[in-house]
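Engineer: Let me begin by handing over the structure; questions about it come next.
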Amino acid sequence: MQDSEIQKELTEKEEQSAVAKVFNYRLVKEKTAGGLMYILTIASLVLVVVMGIGLYLKSAPIFEEHSLGELIFSSNWRPLKGQFGFMPFIAGTVWVTVVAVLWVLPISLLTAIFLTEYAKSYVKKYVFPALDILAGLPSVIYGVWGTLLIIPWISNKFAPHFVDFSTGYTVLAGGIVLGVMILPLLVSLFIEIFSSLPTELRDASTSLGATKWQTSKKVVLKKSFPGIMASVVLAISRAMGETIAILMVCGNLPEVPRSILDACYPIPALIANNYGEMLSLPQYEAALMFAALILFVVVLVFNVISRVILYRVEKSYA
Amino acid sequence: MKHFEEQMMRFLMFVATLIVFGFVFSIVYAILKQGWGSMSWDMITKLPGGGFYIGKEGGFLNAIVGSLYIVGASTILGLIISIPVVFFLNVYLKSQSKTAYIARLAYDVLFGIPSIVYGAFGFTIMIYFGLRTSVLGGIIVITLLIIPIFIRSMDEVARNFPRDILDATYSLGATRWETIAVVLRQIAPGIATATLLSIGRAIGDAAAVLFTSGYSDSIPTSLSQPAATLPLAVFFQLSSPIKEVQNRAYAAALVLTIIVLILSILGRLISSKFSKNKL
Amino acid sequence: MKIPFLDKLFTTSELLSNATPDRKFVSDNDSSEISVENLNLYIKGNHILKNLNVQIPDKKITCIIGPSGCGKSTLLKTFNRLIDSVEGLNVDGKIMLHGKNILSENEDLTHHRRKVGLVSQRPCPLPMSIYDNVAYGCRIHGIKNRKNLDKIVEHYLKAAGLWEEVKDRLNTPAVRLSIGQQQRLCLARSLAVEPQIILADEATSALDPISSKTIEELFVNLKRDYSIVMVTHTLRQARRIADYVVFMYLGEIVEAGEASQVFENPQNELTKKYLEGAFS
């Protein structure tokens, strides 16, 4: 009797240690997997930092001979003579982006309000896929479309009213193409913001006798103002980095444009057109890397600001 | 007065939405029309022959295959890297964790960085390691480019993952790692749409592969050879002054557009099957 | 409802003991009760549970009652440490189970959680087949043999009174079951890992009256082998099935005791008012 009890106790002990091993094995797996995934997760942050540092180091040589102010504000772009004034490219980027945002902002706001406040679900069923397609089309396709339709239109129909001759490869063409490209982004961001507003807000307004548009204007738009601004900033940063489509329709003349019917040369187009070819000139390579650095920094700052605002907006109604 | 304003705004909104449609149709129609006219069987089944770039024989099979290689490999790599990240963000970390906040912000920022910057950065890295423009370079840069897309869109689905299911598995004694099977099954539709989205972005991106995978008239047989891609086939051939070469650009654009349209429709089908009217 | 516990020819324990020889969780003494000592719980500085002291008896149905927001569910989630996933959590005090403090850091959570099953408010089948739902827990804990799994699945689906309804479609997705069936499936899933304690968080509130009656009957039958702790909103349910009652209000335990005593002769003024329906 006693023997069997001891026996029992012993097996129990054995079992317990075996259990401990089995469980440890599972916990080790849990911990290792966690550690590896943690590294992957943090790698994003590392990548951002490494990119910044890498671009800075690569563009450092240009600072040896030129000051930052000179690089940014000078309009002289003669790489072979060692003159690197980025003003034409910065101006080109700004012009194209401003034109794009100006015409697309009202359209995307109206569309988003229409879709969230007015449209029946069957309308959405057609509009959403259309926006999907617009968002999914590659940059180069927009470029082809621009050269097929927009360039001839500007050159033959639009520009003759204002100037004697235009090739069509202009700020305007860039603005139009770029606008269509950021349209789906803006609409989807706006829709997200509008539909996160609680319905009670709208009900409160309509039950006071406001029409739908008055409600949209005074409640929906007003309440979502920070979100709208953040979305616009985000869209601007997207627009500034767009490369191939812009390259195909902007004309690529390194001069500061004076009107929307002048050609321009945005920063991404500069990089794409010249990088890899001029590596024999270290200063030139550094200058192009500096261009990438400008883009990187501006996009980074714009993105962080707008994302932080958008997170807050999202959270405040969640 | 206020009713007049209401009517006017309704009209404007209607017009705005029509304009959106107008652009979609205009783009798709222009590409289809121009592309169809230049399309032939040879285009998609033959490699560029001698004198191809002055308008002689051949097709752009090299670009189609090159794109498939790069997109296929980077999609697989992207999935392998981003699924653990999404899982970690949503299961290992608590919902209000600082780490999760910063990581999400970082991925959102990476998503916003232009592909040309990825390309330039990737190229300097390749030079640093002594790599030439090659399939491998293209795969690496495109993988980096699509990881944020993968993570963002899967994360959106995973964040709405019902907590109850996790609680249920925990209370059966599962470790956090062991819930992965359940989590993956639950967010499978999200993974599918994220994959389609990423493929679409990967196949259409020209700026990142411009410096990294280069261009070649033959199909690469190893990772260290350069490869042509569809967007670049469009871009380079369109800049040619010769009509026949330009036509090939349109045909390549048609192929690219059709691929993207199919991806978009598939994505729509999957997401409409599993969720409601979400863009 | 007939529960085939008597013709229990095997148990998961026996099968499990071949895979992972961890079979010491069926209580063979009467220490299976949970004993809460000076439990305080804060979430982001808010005092949610205030100095709780309570003994939960073995092999009985204990109902935690009280108005919503009184901390019942939080207490329940503390029992199996699901509360851990809340940000800004701070707990002190002890929850003793088998002479071990389950709140102590180095307690193996997975081991502990298996011993404490949970049936949640809404049935939440895992995104897999009916069979896999029940087998999931056992697979995690190391049972791989298909034959044994078959036996376990059948046994516990019978225990949850679901076997007859689903035996021909074990491989269909669990979400196709009705809500009531899903809840019984969740119960079967919890039972399959052989817990000692079953926590039920308003397990019947999402169900239709007939399904909730079925679940209640199951609980009454199950208390032969398990200690059941349930949170409930409906006093009537508590009156029907509770052996022991804990009344909570604003994070404190106002009164706890035998059901008959608490319901018929409440000692505290607040309990009396609550039972009379003066507030809820």
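Just so it is clear, none of the values below were taken in a lab; they were calculated from the coordinates. Just so it is clear, the structure is predicted and the values come from calculations on it, not from any experiment. Backbone-built Cβ (ideal geometry, glycine too); neighbour counts: all protein chains shown.
Engineer: Looking at the square roots a ≥ b ≥ c of the eigenvalues of the Cα gyration tensor of chain A, which shape do they give, rounded for a/c under 1.5, prolate if a/b is larger than b/c, or oblate?
Structural biologist: It comes out oblate by the Cα gyration axes.
Engineer: Would you please classify the overall shape of chain B from the alpha carbon gyration tensor, given that a ≥ b ≥ c denote the square roots of the eigenvalues, rounded means a/c under 1.5, and beyond that prolate means a/b larger than b/c while oblate covers the rest?
Structural biologist: It comes out oblate by the Cα gyration axes.
Engineer: Then there is this: Distance in nm between label sites at B:ASP42 and C:ARG240, each 7 Å beyond Cα in the beta-carbon direction?
Structural biologist: So the two model labels end up 8.2 nm from each other.
Engineer: Could you sort out which of C:LYS144/C:LYS167; B:LYS273/C:LYS144; C:LYS50/C:LYS72; C:LYS44/C:LYS94; A:LYS125/B:LYS273; A:LYS315/B:LYS98 sit more than 23 Å apart by Cα distance in this structure?
Structural biologist: B:LYS273/C:LYS144
Engineer: Could you name the lysines in cross-link range of A:LYS212, using Cα to Cα under 18 Å and dropping any fewer than eight places away on the same chain?
Structural biologist: Within the straight-line limit of under 18 Å, A:LYS212 reaches these lysines: A:LYS120, A:LYS222, A:LYS223, B:LYS2.
Engineer: Normalising by the residue count of chain A, find the relative contact order in percent from Cα pairs under 8 Å and 6+ residues apart.
Structural biologist: Relative contact order, chain A: 26 percent.
Engineer: Treating cross-link reach as a plain straight distance, find the lysines whose alpha-carbon is under 21 Å from the alpha-carbon of B:LYS33, omitting any fewer than eight places away in the same chain.
Structural biologist: Straight-distance partners of B:LYS33: B:LYS243.
Engineer: Counting helices only, and only those DSSP H runs with n ≥ 4, report the 222 nm mean residue ellipticity of the protein assembly as shown as the sum of -39,500 (n - 2.57) divided by its residues, in deg cm²/dmol to the nearest 500.
Structural biologist: Counting only the DSSP helices, I get -20000 deg cm²/dmol.
Engineer: Across peptide B:26-33, how many C-beta atoms of other chains are within 10 Å of each residue C-beta, on average?
Structural biologist: What the average comes to for B:26-33 is 5.
Engineer: Using label points projected 7 Å from each Cα along Cα→Cβ, tell me how many nm separate C:GLU37 and B:ILE76, to one decimal.
Structural biologist: 5.8
Engineer: While we're on this one: What list of ³J(HN,Hα) couplings, whole Hz, do you get for the stretch C:264-271 from phi and the Karplus terms 6.51, -1.76, 1.60, once you set θ to phi - 60° and write x for glycine and proline?
Structural biologist: Values, residue by residue: 8, 9, x, 7, 9, 4, 5, 4 Hz.
Engineer: So, one more: Which residue, chosen from A:VAL232, A:LEU71, A:THR243, occupies the Cα position most advanced towards the positive end of the dipole of the stretch A:68-317, where the dipole is computed from +1 (Lys, Arg) and -1 (Asp, Glu) charges on Cβ about the Cα centre?
Structural biologist: After comparing all options, I get A:VAL232.
Engineer: What is the angle, in °, between the Cα long axis of helix C:209-222 and the longest principal axis of the Cα atoms in chain C? Nearest 10 is fine, range 0 to 90.
Structural biologist: So the helix axis and the longest Cα principal axis differ by about 90 degrees.
Engineer: Can you list residues whose amide H is under 5 Å from A:TRP77's amide H, if they're 5+ apart or on another chain and H is modeled 1.01 Å from N?
Structural biologist: Those lying under 5 Å, H to H, from A:TRP77 are A:GLY85.
Engineer: Any lysines with Cα under 18 Å of the A:LYS29 Cα? List them, leaving off those in the same chain fewer than 8 positions away.
Structural biologist: In chain and number order, the partners are A:LYS21.
Engineer: Here is a follow-up. Shape call for the stretch A:251-305 from the C-alpha gyration tensor, a ≥ b ≥ c root eigenvalues: rounded (a/c under 1.5), prolate (a/b greater than b/c) or oblate?
Structural biologist: oblate
Engineer: Read phi for every residue in the stretch C:91-100 and hand back ³J(HN,Hα) as whole Hz from Karplus 6.51 cos²θ - 1.76 cosθ + 1.60, θ = phi - 60°, with x for Gly and Pro.
Structural biologist: Per-residue couplings from phi come out as 10, 9, x, 9, 10, 9, 9, 6, x, 10 Hz.
Engineer: Let me ask something else about it. May I ask which residue of B:TYR53, B:GLY35, B:PHE111 lies farthest towards the positive end of the charge dipole of chain B, with charges of +1 (Lys, Arg) and -1 (Asp, Glu) on Cβ and the Cα centre as origin?
Structural biologist: Of the candidates, B:PHE111 comes out farthest on the positive side.
Engineer: Now for a different question. Note down the magnitude of the dipole of the protein assembly as shown about its Cα centre, charges +1 on Lys and Arg C-beta and -1 on Asp and Glu C-beta and zero elsewhere, to the nearest 20 debye.
Structural biologist: So the dipole magnitude of the protein assembly as shown works out to roughly 1480 debye.
Engineer: As an exercise, use a Förster radius of 25 Å and the Cβ-Cβ distance of C:ARG122 and C:ASN171 to find the FRET efficiency, rounded to the nearest 0.05.
Structural biologist: About 0.55, to the nearest 0.05.
Engineer: Per q in 0.05, 0.07, 0.09 1/Å, what log10 I(q)/I(0) does a Debye calculation on the alpha-carbon atoms of the protein assembly as shown return?
Structural biologist: -0.38, -0.69, -0.99
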